[in-house]
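The values are calculated or read from the model by the stated rules, or taken from the named source; none is laboratory data. Everything numeric here is computed off the predicted structure, so don't read it as measured data.
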Amino acid sequence: MDTLHGWYSETQYKQKTQNNDSPRSKGEKIYYVNENDEIVEITEIKRSNEVSKFDDAIYLGVMKKFSHVTRYSAL
């Protein structure tokens, strides 16, 4: 199984929600389980720990598995 590395960037999240025409994806938040069995929100998952392209990205460490996605729609 590949090692997965999680990142969170507020800039990336905002760009995703503002530039997406799909109402289903607007407001989407993705969660993974980290090595400490904590559920954390991520905006990017990679198979290596190479630096994110977003300057404000925070490395969240190795992720064990996908947890869930939440969606809301601003009507």
remark   = (1) part of a loop (DSSP other than H, G, I, E, B); (2) modelled with pLDDT under 95 all hold for D37 apart from (2)
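Can you tell me how many residues in the stretch 4-33 are more than 19 Å from D56 (Cα to Cα) and modelled with pLDDT under 95?
At the first step, the residues of the stretch 4-33 found to be more than 19 Å from D56 (Cα to Cα) are 4, 20-28, 32-33.
So of that shortlist, the ones also modelled with pLDDT under 95 come out as 20-28.
Going through the stretch 4-33 one residue at a time, the tally reaches 9.
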